[in-house]
Every structure is written in C-alpha cells, then in structure tokens.
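Only one structure is covered here, and it is reproduced in the block below.
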Amino acid sequence: MTKRNRIFVGILFAYVVGVGGLLWQLVADIDPRYRESAEESMVETAHLLATVIEQRSPEGQIIVAGLRPVFDALYQRRFESDIFGFVKTQVEMRVTVVDVDGRVIFDSLDMHVGEDHSQWRDIHRALAGEYGARTSPDMDGKFSDSVMYVAVPVRTGGRIVGAVSVGKPIKTLGPFVRTAQRKTVLVGVTSVVAVLVLAVILSVWLVRPFGLVADFARYVRHQRSISPLRIGRRAIGAIRAAFDDMRDALAGRNYVADYVQTLTHELKSPLSAIRGAAELMQETGMPAADRARFAGNIERETQRIQELVDRMMELTALERRQHLDHTSPVALKQMLEELAASAEAAGAPRRVSVRVDAPQEAVVVGDAFLLRRAVSNLIDNALDFSPDGGTVSLGLAASRRSADITVRDQGPGLPAYADDKVFEKFFSLARPHSQRRSTGLGLAFVQEIAKLHGGRVSLRNAPGGGALATLALPRSGRHA
C-alpha cells in the first residue's frame, strides 16, 4: 500500500472511530433522557393525587377510602393505545400513600399496607416538605425490574400530614428506548457509509487530473517523432477534459443540493394539506359534503405535487443539455398565430381574448418544439394574470440580428419586490382571479430554452399597466 493510500485509510479510520464514539455516547444517553421525561409526568400525577386527597381530608386526617375502588377499576381497564408503534394495553402505574410517620395507609397493589416506608428516600424527603425521587429494585434485587418513584407531601391546614408516592416500572420505557437507540445507530451507520462513499468518489475525482498527466506522459513517450503542434493539441485536450470533469462535478453537487432543498420546501405545503385532510376524513360521522370537499382537497394537492415533479423533471433534463440536438428554421409569425388560436379556448371561460400583432415574418434557427413550449408558457402566464374580459397581445419585432417575441397582459403587473425574482425556481405570485400559485418553474423553463438558443427572456411592467414578457432570439433568414 502506498503512503498516500495509508494516509487516506488512516483518515477514514479516525473518522469512523470518532463517529463510533459519538454514537456510543448518544445511545448511552438515550435511556437517562427518557427517564427524565417520564419523571416529569410522574411529578404532575403525584401532585394531582395529593390535591385530590387534600380535598377529601379537610380535618387533618388522611382519608383514602375512596381510592381502592378507583384503582381496582383502573387496573381492570383494557385498551389499545398505539404510541409510535408500541401498543399499550394496561395501566402499570402504582401509588402509595403514607401518613405523617411514614406508615403505608394505602397501596394501589395492596402489597405494603402497614409497612414503615419512612426511610425510603422519596418518602423521607416528601415528609420533610421537599421533592423526593428514587429508583429501587422491584423484586429479587434485579435492576432490570426496577421501579422509578417520586413523592410529594400531602398538606392540610398548612401542615404536612402524609405523602403520596407514584411509581412506574422502568421496563415500560424499554420499547421506546430501544426504538430510539436503533434509529440513532441506523442514522449514524448510514452517515458513515455515505461519507465513505463520498470520500472514495472525491478521491477518484481529485486523483483524475494526475491520471490525465500520466496518460499524457505515456502518449509523449510512445511518439516516434516529436511534433510540437500535435503534442500541444493533445495537452490542450487533456486540460480541457480535466476542467470539464471538475466543472461538471462541482455544478452537479451544487445542483443536487439546491434542488433537494427547494423541492423539500415546496412539497411541505401540499403534503401538510393532504395529511390534514386525511386525518379529518378518518373522523366518524363526518357529513358527506365535508368528506367530498376534503377528498377534493387531497386530489388537488396530489395533482399539484405531480405537476411539480413533472415540471422539475422537464427542467432538469433541459438544464443538462449543453446545446440543441436538432435545429431547423422556425417561422415565428406562423407559430404565434397557431399558439394564439390554441390559447383562445383556454381564455374563453373568463372571456380573455388573444390577438397577434406581427406585421412581418421572422425566421430563427432552433428547436421548434422547445420554442413553442417557451412561448406557450408565457401565454399561459399572461392568461392567468389577465382580468376577466381582458386581452393578451402577442407581438413580433424583427431586426437584422434578432427577433423579439412579446407577450403582454392587462393584469396588475409585477410588484416591486418581484422584479428580480420572477425567474427564480419555485417563485410564484398568486393569480388575481383564484389566489392560487403555480409551481414556479414555468419562467425558469422559458429562461433555459432562451439560453439554449443563445437568446434571453425578460419580464417587466408595461407602460400603461400590465406585464410585458420579451423573448429575444438570434435572427436567421430574411424578411418574408
């Protein structure tokens, strides 16, 4: 093994040992944290019982006669409570009440009545007016069968007349502790494996430039004659290949991180709506109209998620393209007239008309399908923001170098804060007529298409009101 590989393996080993130590500490710390959480709820239960006893003992003598039937009925109750995968079927809490001398006058398990518990830590401190807690073996001295106890004083007339001790077997916390420990270990092991894979990939990526140098050296060594021009071209090609690999690796990593973050953020809202509607639909006795409304909400939000995923897949595929695969002359005026005819049907329900103002034809070389998609997205955007009875105007202005396609609506225009955000992924404004938002990927899709064609797209407020979108494409051909 080379020195470099030994160093690399040593670093990975140190990382694994460090993460292993951290996991060991975290796993060991889970059990105490669960006990602390359980103790907090036990304290509240103890104070609740102490208050009940105080209300029933106004003369200073503790009265516990009414507790026996309550706890007998409590222990006979059977139920099924699914608590994060653990099904609880019975009550396992135990309660002890002692008098001012520490003698047991009530035991929910009816096992220690009459015994002197004044020396137990929880009882002793409670009779002294302090908070007391302990953990003691339940039977045969087995620590695995230990019980947590907390005790609080019982007061009447301002003086302590006894104490209430509440106990909970530690074994009832076991399923939760083991589940939390398994999850912690799983997350830790997964992170270690992920880092190891990333380290291997990164090491290969970093070593690749040295491999290119070695390949180039071998190429030069095997040349029968030295040609500076040929060797120079080979060197430039090797450098370009290494640079492209490094650029693609960096861009890809940032791309994935950005998309994971933004997609997660955008999916939170529809998923929350679906979960809320599903939980409400599980309620019994819900009117049919409400059930149908919640089902409609689930369907709409599901469709929204599907549209978001489909748009993201399209945009991702478009962003990976470095150039247009197939190009042909595209007549823009004819394309606008066809798209306007198709858009009339979409605008009909709100009486929004679409008209074309293109006095002359203009031809560009590009992908006809992508250009139609780009202009169609701009038209759909304009229709969404147009008022009822409004007009969407499509324009075409040709110069010697470029052809500008314009789409103008008569809507409210862009707010000031949105000027520099409209082409950001997932940024969307509420539609005036429905107050709904789109996926926020349409304009980003148009921008990518414009870049592939060597053009640009802009969206700004038009003079006189409304918004004006301009798709500028390099010009090819002559005026028709």
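For Val91, indicate whether it is under 17 Å from Met42 (Cα atoms) and either modelled with pLDDT of 85 or more or surrounded by fewer than 13 Cβ atoms within 10 Å (Cβ to Cβ) (or both). When the stated conditions are applied, Val91 passes them.
Taken over the stretch 385-425, the criterion of being more than 17 Å from Gly465 (Cβ to Cβ), hydroxyl-bearing (Ser, Thr, Tyr) and outside any strand (DSSP E or B) is satisfied by Ser399, Tyr417. Applying the selection to the stretch 110-128, what residues are part of a loop (DSSP other than H, G, I, E, B) and either surrounded by fewer than 17 Cβ atoms within 10 Å (Cβ to Cβ) or modelled with pLDDT under 90 (or both)? Selection gives Asp110, Met111, His112, Val113, Gly114, Glu115, Ser118, Gln119, Ala128.
Within the stretch 71-109, how many residues are assigned to a loop (DSSP other than H, G, I, E, B), within 25 Å of His124 (Cα to Cα) and touching a helix residue (DSSP H, G or I) at 6+ places or on another chain (Cβ under 8 Å)?
Result for the stretch 71-109: 5.
The selection criterion, being surrounded by 13 or more Cβ atoms within 10 Å (Cβ to Cβ), in contact with a strand residue (DSSP E or B) (Cβ under 8 Å, 6 or more places away or on another chain) and closer than 22 Å to Gly454 by Cβ, holds for Ser402.
Here is a yes/no grid of residues against (1) within 21 Å of Ser393 (Cα to Cα); (2) modelled with pLDDT of 90 or more; (3) out of contact with any Leu (no Cβ under 9 Å at 6 or more places or on another chain):
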{"residue": "Arg321", "(1), (2), (3)": "no, no, no"}
{"residue": "His326", "(1), (2), (3)": "no, no, yes"}
{"residue": "Pro329", "(1), (2), (3)": "no, no, yes"}
{"residue": "Pro359", "(1), (2), (3)": "yes, no, no"}
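For the condition among the charged types (D, E, K, R) and closer than 23 Å to Tyr34 by Cα, Asp145 qualifies.
For (1) assigned by TED's automatic domain parsing to the domain that holds Gly129; (2) basic (Lys, Arg); (3) touching a Cys at 6+ places or on another chain (Cβ under 9 Å), each residue gets a yes or a no:
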site: Ile11; (1), (2), (3): no, no, no
site: Gly18; (1), (2), (3): no, no, no
site: Arg56; (1), (2), (3): yes, yes, no
site: Val64; (1), (2), (3): yes, no, no
site: Leu74; (1), (2), (3): yes, no, no
site: Phe84; (1), (2), (3): yes, no, no
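If you check Arg68, Arg33, Arg6 for being under 28 Å from the mean Cα position of the chain (by Cα) and either in a helix (DSSP H, G or I) or not assigned by TED's automatic domain parsing to the domain that holds Arg159 (or both), only one passes: Arg33.
Counting just the residues of the stretch 51-65 that are touching a residue at least 12 places away in the same chain (Cβ under 8 Å) and outside any helix (DSSP H, G or I), which one comes out surrounded by the most Cβ atoms within 10 Å (Cβ to Cβ)? If we take residues in the stretch 51-65 being touching a residue at least 12 places away in the same chain (Cβ under 8 Å) and outside any helix (DSSP H, G or I), then Ile62 is surrounded by the most Cβ atoms within 10 Å (Cβ to Cβ). Among all positions in the stretch 408-431, there is at least one residue which is in the same structural domain as Thr470 (by TED's automatic domain parsing), under 14 Å from Leu336 (Cα atoms) and touching a residue at least 40 places away in the same chain (Cβ under 8 Å). Taking the criterion of being within 30 Å of His326 (Cβ to Cβ), of a type in the set (Gly, Ala, Ser), at pLDDT 85 or above and not in a loop (DSSP other than H, G, I, E, B), the residues of the stretch 432-480 that qualify are Ala450, Ser458, Ala469, Ala472.
The values are calculated or read from the model by the stated rules, or taken from the named source; none is laboratory data. What you are looking at is a predicted structure, and each value in this text was computed from that prediction instead of being measured. Virtual Cβ from ideal backbone geometry, glycine too; neighbours counted across all protein chains shown.
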